[in-house]
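Structure record follows, encoded as C-alpha cells.
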Amino acid sequence: MSRQLTIMMLLTALRTTTQAFSALQYRHAYPRVRSVSLIQRYLSSDRGERTEAELQAIQAERDARKAEKERLKAEKQAKKEAERLAKEAQDRIDPVTYLSYSQQDTYPTMGDFTRVMSQSRTERPFATVADLSQENAGQTVWLRGRLHSIRVKGGSCFLVLRQDSFHTIQACYFKDKENPDDSQKMLKYLKSLTVESIVDLEGTVVPADVKSCSVQDVELTIRRIHTVSKAAAVLPFLVEDAARSEAEVEASQDTDRPFPRLGQEIRLDHRWMDLRAPANNAIMRIQSAVCQLFREALYAEGFVEIHSPKLIAGESESGAGVFTTDYFGTTACLAQSPQLYKQMAIASDLPRVFEIGPVFRAENSNTRRHLCEFTGLDLEMAIDDHYMETLEVIHKMFKHIFNGLETRWAKELAVVRQQYASEPVTFTDEPCVLHWPEAMDLLKDKFDLGDGMGDLNGAMELELGRIVKEKYGTDFFMLDKYPSTIRPFYTMPDPKDQRYSNSYDIFIRGQEICSGAQRCHDPDLVVKNLQDKGIEPGEGLSAYIESFRHGVSPHAGAGIGLERVVFLYLGLDNVRKASMFPRDPNRCTP
C-alpha cells in the first residue's frame, strides 16, 4: 500500500469520527432532530449553508454551558464563604456590655468590655491582690489589674495579674473536657491578650505554692476575664526589664540570654512605662511620703502652709538664671523660689510658714543632681534670739522624715533597695553642725582651697561627707557660716566677722539638699547688700523691701529640694530617678 493511500484513509477515518461527535452535540442541542443521518448530512454540508436560527441556537448553547459553569463555581465559592463566616461567628467573641453586679450571671465568660464611660455604677466588689490569702480559699472574687505575664500551652494557661506595681498573683485556666468548644474558645481568647492590658478577672481562690508572685500561698482559677483597656502588642520595653538591678543585667551579659540594658533616655521617653517597675513606682510613693512627713512635722510646730505666686514681675532674686515670659506686654519670670513671699508672709504676721511647690532654675547644668524644674520644700519662721532656733526645728523635722520612712514606708524602701542597693541614712539625735573654717581645715590636705572663701565643688562636698561620716558617724550634717560673698543679698552677715554669714547648707551622703539662713529684716541693709552685689532693685523687689519698712520680725528659713532628698536618701545614682517627669536642659517632654 502506497504511503499516499495510507494518509488518505487516515484522514477519512478522522473526518468520520469528528462528524459523529459533532452530530451527538447537535442532537443534544436540537432534541427534535432525531435522525443521526440528518445531523450528519447537516454537518457534512457546507457551514455557509446553516440558517441564522441554527447559528444562534449553537451560540446560545455555548453561552448556557458557560453560564452553568460559572454558576456552579459561584455556588461552590458561596458555600465555602458561608462555612468560613459560620466558623467566624462561632469563634467570634462579642464586646461585653458593662453590667451591674446583680446581672453578672449574664456576663459572657470572656471578651473585651465596651468602653467604660461611667454608664452605670456596677456595685461589683473588687478585691485587692495584697489582701488575698488562704483565709479566702474557696471564695470567688473579682480583681482588676494589669496583665503582667501570660503563658498558654496546650490546654492550660497561666497568667500573672499585677496591682499597684508590686502586688502580683497567679491565675490559671485548664481545658474543660466536658465543654471542649467553650474551653477552646476561652484558651484562644486568653492567648490573644497582651501584657500590660487592664483586665477584670473573676476567679476562685485556691491554695497554691507560687514563689514567683508577691502572693505565694494562693492562686485564682479563672471563671471570667474581660479586657478593660488593651495594651499594644509591641511595647517600647518590658516592665520586667525595667525592674532588673544593674547587677542582674551585668551578670547576664556572659550568658546565652543576656538581659537588655535600658538606657536613661528610653526610660524617660516612656516614663509611664518605667514607673510601672516596682522600685521606680515605690520611689514616687516615697517622694509623696517625704511631703506628708514634712507637713506633719511642721504642722506639729505651729506652721501654716502658704501658696505663693510662680509668675514674678521683672527678674527673680538675683536677676540671673530665670525663665522669662511675656506678661501682657511686660516681662515676667518663673520663680526661682518662694523666698521673697515667705519673708513677706512673716511681715504679714504669719510667724511660721511653709510651702511645697515648683521652682524653676534656668541653669544649663547637665549633671546627675541638677534639674531645671523641681519641687521645693520651703519654710520660714520668726526667731526670738538666734537662727539656731530654726536649725533645731529643721533637724527635728528631718528626724521625723527619716524615722517615718524607715517605719511607715518600710515596704516601699525594701522594694527600692532590692533594685537600687543602699544602706539606710545614719543621723545623730542632736544637730551635727560644722562651721566653715572647720570644714576648710578638714579639706585642706586634699584640695587647693586658696583663701578658703570660695564655694565647695562636688568633689569637696563628697570628701567632706566621707570625713564627717568617719569622724562623727553620720550621713546627715549641717555646715554653718558660709562666706558672705557666695550667699544671696537677703542673707544676714555674721555679727562677729562679716566675711561670713548666718547661713548654712544641709547635706546627706556628702551632697547638699538644703540652703538656708537668717534673713536681713532691715530694709536699708537689704538695699546695701543689693548694691554691693551690683543688683539694681527693680519692680520685682520694691514691694519686698517696702514690706520691711512697715516692721517685720527677725526671721530665718530654708529651701529644700524634694527630689534631692529622695535621690540621696535612697542612694540613687541620678536625681532624675526621683522626679516623676524630669526637666533638664535637654528635656522638656513628656
Item to check | Candidate set from region 463-489 (those that are in a loop (DSSP other than H, G, I, E, B) and either of a type in the set (Phe, Trp, Tyr) or touching a Ser or Thr at 6+ places or on another chain (Cβ under 6 Å) (or both)); member that is farthest from Leu530 (Cα to Cα) | outcome: Thr474
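Condition check ((1) in contact with a strand residue (DSSP E or B) (Cβ under 7 Å, 6 or more places away or on another chain); (2) within 30 Å of Ala242 (Cα to Cα); (3) hydrophobic (A, V, I, L, M, F, W, C)) across all residues:
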| position | (1), (2), (3) |
| --- | --- |
| Gly404 | no, yes, no |
| Phe447 | no, no, yes |
| Met460 | no, no, yes |
| Pro483 | yes, no, no |
| Pro488 | no, no, no |
| Arg499 | yes, no, no |
Next on the checklist: Please go through region 474-496 and give me each residue that is of a type in the set (A, V, I, L, M) and surrounded by fewer than 17 Cβ atoms within 10 Å (Cβ to Cβ), ordered by number.
Outcome noted: Ile486
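Quick grid of which residues meet (1) farther than 28 Å from Gln184 by Cα; (2) out of contact with any Phe, Trp or Tyr (no Cβ under 9 Å at 6 or more places or on another chain):
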| residue | (1), (2) |
| --- | --- |
| Val218 | no, yes |
| Ala232 | no, yes |
| Phe237 | yes, yes |
| Ser245 | yes, no |
| Ser252 | yes, no |
| Arg257 | yes, yes |
Item to check | Only listed residue being touching a residue at least 40 places away in the same chain (Cβ under 8 Å), in the same structural domain as Cys432 (by TED's automatic domain parsing) and within 18 Å of His395 (Cβ to Cβ), chosen from Glu539, Glu463, Glu512 | outcome: Glu512
Checklist entry - Exactly one of (1) at pLDDT below 95; (2) crowded, with 17+ Cβ neighbours inside 10 Å; (3) within 17 Å of Met186 (Cβ to Cβ) is unmet by Thr122. Its number? => result (3)
Checklist entry - Given Ser348, Ser318, which one is modelled with pLDDT of 95 or more, closer than 30 Å to Gln531 by Cβ and not acidic (Asp, Glu)? => result Ser348
Next on the checklist: Restricting to region 267-293, count the residues that are buried (at least 20 other Cβ atoms within 10 Å of the Cβ) and free of Cβ contacts under 8 Å to residues at least 24 places away in the same chain.
Outcome noted: 0
Checklist entry - How about region 490-520: which of its residues are in a loop (DSSP other than H, G, I, E, B), of a type in the set (A, V, I, L, M, F, W, C) and touching a helix residue (DSSP H, G or I) at 6+ places or on another chain (Cβ under 6 Å)? => result Cys520
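Could you count how many residues in region 361-402 are aromatic (Phe, Trp, Tyr), in contact with a strand residue (DSSP E or B) (Cβ under 7 Å, 6 or more places away or on another chain) and assigned to a helix (DSSP H, G or I)?
1
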Item to check | Residue among Ile545, Ile506 that is within 30 Å of Glu563 (Cβ to Cβ), assigned by TED's automatic domain parsing to the domain that holds Asp455 and surrounded by 15 or more Cβ atoms within 10 Å (Cβ to Cβ) | outcome: Ile506
Checklist entry - Can you name every residue in region 187-218 that is within 26 Å of Val415 (Cβ to Cβ) and of a type in the set (Lys, Arg)? => result Lys211
Next on the checklist: Consider region 431-455. How many of its residues are within 13 Å of Arg499 (Cβ to Cβ) and acidic (Asp, Glu)?
Outcome noted: 1
Checklist entry - How about region 341-400: which of its residues are of a type in the set (S, T, N, Q) and surrounded by 17 or more Cβ atoms within 10 Å (Cβ to Cβ)? => result Gln343, Thr375, Thr390
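The values are calculated or read from the model by the stated rules, or taken from the named source; none is laboratory data. Since the structure is predicted, the reported quantities are computational estimates derived from the model, not experimental observations. Methodologically, a virtual Cβ is constructed for each residue, glycine included, from the backbone with ideal geometry; neighbour enumeration extends over all protein chains shown.
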